[in-house]
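See below for the structure under consideration.
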Number of protein chains: 2
Amino acid sequence: MQILQTLPREEGYKMPAEFAPHEGCILIWPERADSWAAGGYAARKAFVKVISAIARWEKVTVLASYGQYENARASLPPHVRVVEMSSDDAWARDVSPVIVKGPDGTLRGIDWGFNAWGGLYDGLYFPWDRDNHIARKVCDLMEIDCYDRRDFILEGGSIHSDGEGTVMVTEECLLSPGRNPDKTKEEIEQVLKDNLGAEKVLWLPFGIWGDETNGHVDNICAFTAPGEVVLAWTDDQQDPQYERSLRNLEYLMSEHDAKGRPIQVHKLPLPRPVYVTEAECAALDPVDGVPARTPGERLAASYVNFYIANGGIIMPAFGDPADTKAAEILAQCFPGREIVPIPARDILTGGGNIHCITSQIPARG
Amino acid sequence: MQILQTLPREEGYKMPAEFAPHEGCILIWPERADSWAAGGYAARKAFVKVISAIARWEKVTVLASYGQYENARASLPPHVRVVEMSSDDAWARDVSPVIVKGPDGTLRGIDWGFNAWGGLYDGLYFPWDRDNHIARKVCDLMEIDCYDRRDFILEGGSIHSDGEGTVMVTEECLLSPGRNPDKTKEEIEQVLKDNLGAEKVLWLPFGIWGDETNGHVDNICAFTAPGEVVLAWTDDQQDPQYERSLRNLEYLMSEHDAKGRPIQVHKLPLPRPVYVTEAECAALDPVDGVPARTPGERLAASYVNFYIANGGIIMPAFGDPADTKAAEILAQCFPGREIVPIPARDILTGGGNIHCITSQIPARG
C-alpha cells in the first residue's frame, strides 16, 4: 500500500455512486457497551441479519476485535469473512476508507481524519484513535493505495455521490464547529471536489432532527439514481423535522446536479417518533459514570438509512405502519432490486442505522 | 471460511513441499520484550531485511499488533501488506496454518493446537491464547477453509514435507511430554499422515542441541528436493551436537522415502557455537521477575533454518567463516535460486531463525 499525498481528482479518481456495482461491503462487529445495550448482545443479532442479507449479493468482510473474533466467526455465515481489527465502535460507514475509482478501474481509499463526530467539541466518545486507524488498515488489507487526508475531518456518512460529478452533504454537519472550524464553506467544498472527483456539491441545510452526527446526509437524503433522491419526509407540521425536510426540499427543487439535471425528489415518510425506553437506557454502561442515554430521548429514525446492495435494498424496519409504504417507494426507486426490511431498533438505539454500519467497496474495472 | 472436522487425506489434500511454488508468505512483527532485546528494536530491523528479501519474489503479509501497526507499515516496503492481528510472539512458522492443497488446486489450512512448545510442562511462555487463534484467523483472512485440529498440538516448524508423500519430523519434538503425551508414536504418525496427506513419516531421533522447541526438525534437517535433504553437521566430536547429527545421518542412510528412494544427505556445517552475551540478556525484560536468558547460554544456531522463496534462499548468516561454505552448499542444492544471506543474530537471540519466522502459502492451482 502506497500512502499518497496527491489529489484523487487530479489523477482521475472519483467516488462511484452506491447504486453502482459493488465488489463487497465492510462492517464492524459491535461490542461497545455504552453504545449498545447489554454489551451489544441484541445489536449483534441485528447485525447478523444485515450482514447475512448483504452477503446474498456481495462479499462481506466483518472487522472484529481480538476478544470478539471467535464469537463473530461462530455467529456469521461461513461465506462472510471475519478479520481481526481494533475499533472504538461499529460505524464502518464513518471510519472505513471512502473508495474512489480511477480511469483504469483500479481502486484507492481515502483516509480522512476521524474525531468521533466532533472531537472534544461535541464528539460522542473519547478516545477515537482505534477508529481513526481503520481506514488505512482497510486499504492495506484490500491491497489498494491510500490517500492521506487525516488533516481533514470527514465521515463517510456525511457524503453521498451520484458517481457523475455530484456530491451531496448537509451544511449542518460539514460546517459544524467540531469538524474543520478553520475552513470556510468554499474551502470545504474544494476539498470535497478534489478528493471525490466532483464538480458540484449540493449543500442541504439540515439532517434529521436530533441526529447525533450533526445531521449526516445519509440519514435524510440519498441518491437512488443520477438526478434522483429520496428525502425523509413528514407531513406533521408540529414535528421538529417538518421545517428541516421542507427547507431541504425547497433547496433541492432550486438546484441542478453537475450534469445540469434538475433533482427529482421522492418523499420517503418518516416512521412515527421512536423513543428510547427506560429498559434500553438501563442496559447501557454509563460513560464516565454518567448515563449514556436518557429515557424518552427521541432517536433519529429514518428509512433513508438503507444500504444499496448489488441485488437488494437492505432497509431499516421499525414495526411502524410506514414500513410498508417506505418499502413500496424504495421498490419503485430501485427496480430490479429486492427490498429486504430488517428490524432495526437494536441498531437505531446505538445511534445510527443500516447505512451507518456498512461501507461498500465499488467493483473494480 | 468453513471449519472442517474431516481429514485432509481422505479429501485428497496434501502438504506441498516448501520448494514448490508459493503464492506468498506470512510473518509476524516482533515486539515481545522478554523474547527480543530492547523491546524488539533490533529484531524488527532484521525482520525488515528478511521480509524485503522474500518480497522480491512473493507476496508477503505481515501480521502486527494494533500498537505496532503504524510502525510496521512505516518500516516495511509498500508492496508488503500489513494486517492487524494479535499474537503472543512472532513465530509465524509455528502458529500459522499449515496449508494443504487439494486435487482441484484449492488450498485449505490446518489449525493445530498450539501451546507455546510444551504448555505448562516445558512451554516457553504463558498464556499462548493469542497465538493459538492465529491459524484460524489467517485462513479466514485468506478465504480458505480450515481443518480444526486444535485437539492435537503441533507447530509448523516441527514438520517438513517433500510434497510427494514423505513427512520428516524428530522424535525428540513430536514425542516430547509437553505435546501429545496421551498418544503413542504410531498414533502421532497416523495424525500426520491423515492431515498432511502423507504415506511415510521419517523420524529423525534428534534436533539441534539446546533448541528450545524440543528439537524442531526445521533447525536440523530440510528437504531440498524429493529424496534430498541438508543436515546440520559438525566434525567436532567434542560438540554435543556431533552425536545427534551422526545418529540422524545413520537413520537417514537406513531409510527410504514414500516413493522408495534412498535419502541423499548433504551435510551443512554448523557455525562455531554462538553464545548469548551479557548485554543481550540485560536488554530482555524479565519473565515474572526472572531473567529471560542467562549470559553464556549457547544458542541453537544452524544454517538449516533458511526459507525457500520462489526465487531465492533466505539464509541466516552469523558472521562466521562457515557462512560462505553454507551458501555454496545451498547454491548447489537449489540451482536457479539466488542465495540471500541475512545477518541473523538478532533473530537467533529470540530463540529461532529465518525459517521459524516465516510461513509459506503454496501457489493455488
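Observations, loosely collected:
- Label spacing, shortest first and in nm, from B:ARG298 to its equivalents in the remaining copies (7 angstrom along Cα→Cβ): 8.0
- Charge context of B:GLU250, other residues only, Cβ under 15 angstrom, K/R +1, D/E -1: 0
- Taking each residue as 0.36 nm, the span from A:ALA282 to A:ASP182 lengthens on full extension beyond its C-alpha to C-alpha distance by 32.1 nm.
- Among the cysteines of chain A, A:CYS25, A:CYS173, A:CYS221, A:CYS281, A:CYS333, A:CYS356 have no other cysteine beta carbon within less than 4.7 Å of their own.
- Where chain A is carried onto chain B by rotation, the Cβ closest to that axis, with its residue and distance in Å, is A:GLU84, 3.
- Using a 7 Å projection from Cα along Cα-to-Cβ, the label point at B:GLN332 is separated from the same position in the remaining copies by 8.4 nm, smallest value first.
- Sum of side-chain charges, B:CYS281 neighbourhood, beta-carbon under 12 Å (Lys, Arg +1; Asp, Glu -1): -4
- Around B:PHE206: net Lys/Arg minus Asp/Glu count, Cβ-Cβ under 12 Å: -3
- Straight-distance candidates among the aspartates and glutamates for linking to A:LYS193, with alpha-carbon spacing under 15 Å and chain neighbours fewer than 8 residues away dropped: A:GLU10, A:GLU11, A:ASP162, A:GLU164, A:ASP257.
- Pseudo-label separations to other copies for B:GLU255 - Cα-to-Cβ vector, 7 Å, nm: 7.3
- Averaging the Cα positions of each part gives two centres, and for segment A:1-62 and segment B:104-163 these lie 29 Å apart.
- Antiparallel content of DSSP bridges confined to the protein assembly as shown, in %, to 5: 40
Read-outs throughout are calculated quantities, based only on the coordinates presented, and are distinct from any laboratory measurement. Everything numeric here is computed off the predicted structure, so don't read it as measured data. Virtual Cβ from ideal backbone geometry, glycine too; neighbours counted across all protein chains shown.
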